[in-house]
1. On the given criteria, is R109 over 18 Å from L34 (Cβ atoms) and basic (K, R)?
2. Would you call L34 farther than 25 Å from L115 by Cα and either in contact (Cβ under 8 Å) with a residue 24 or more places away in the chain or not in a helix (DSSP H, G or I) (or both)?
3. Can you work out which of the residues in the stretch 87-114 that are assigned to a helix (DSSP H, G or I) and of a type in the set (D, E, K, R) is nearest to S76 (Cα to Cα)?
4. Would you check which residues across the stretch 1-31 are among the charged types (D, E, K, R) and either assigned to a strand (DSSP E or B) or at pLDDT 95 or above (or both) and list them?
5. Quick one: is A98 within 26 Å of L115 (Cβ to Cβ), loosely packed, with under 14 Cβ neighbours inside 10 Å, among the hydrophobic types (A, V, I, L, M, F, W, C) and at pLDDT 95 or above?
6. Working only within the stretch 44-63, note down all residues that are free of Cβ contacts under 8 Å to residues at least 12 places away in the same chain and in a helix (DSSP H, G or I).
Amino acid sequence: MSRRGGRSVRAHVGVREGRTVHRPDGELDAVEGLIYRSRKLRRRGDTRGALVLLRQACSQDEWRARTFTLFGALLSEEGHHDEAAKALLHARWLRQRAGEAPRAEVTARLLEAELAAR
C-alpha cells in the first residue's frame, strides 16, 4: 500500500471533495445493492426506476421476505394494489415459513390495509 503525505490511499475511498459519500458499511450482495440503488432513485423522485430495481431484486432472491415487503409497500404507494397484495402475501408466507412471527404479523397488517384500499 503506497503512502502519500503520511496517509494511506485507502483513507480516501468513498470520500469526495467537501462531502462524504453515504454508503452502507461493508460489502453488499447483489440484492442489497439493488435495494440500495432503489432507495437512491426513490429519493431522487424516480419511483418507476425504483420499482424496476426492486422487481429485479425480488427475481434474484425469491426467498428474501424483506425485498418483497419493500416492493409491495412501494407498489401500494403507487396505486398498483393487485401486484402489491401479491408481493405482501408472498412476504408474509416467507416470514411465517422462517418462523418470524412478529414480522409476519406486521406484514399481515400491511396486507390487510392493502386489501382494504382496493
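The values are calculated or read from the model by the stated rules, or taken from the named source; none is laboratory data. Given the structure is predicted, the values throughout are model-derived calculations rather than measurements. Cβ placement follows ideal geometry from the backbone for every residue including glycine, while neighbour counts extend to all protein chains displayed.
1. yes
2. Yes, satisfied.
3. My answer is E114.
4. Once the filter is applied, which keeps residues that are among the charged types (D, E, K, R) and either assigned to a strand (DSSP E or B) or at pLDDT 95 or above (or both), the stretch 1-31 yields R3, R4, R7, R16, R19.
5. yes
6. Matches in the stretch 44-63: R48, G49, V52, S59.
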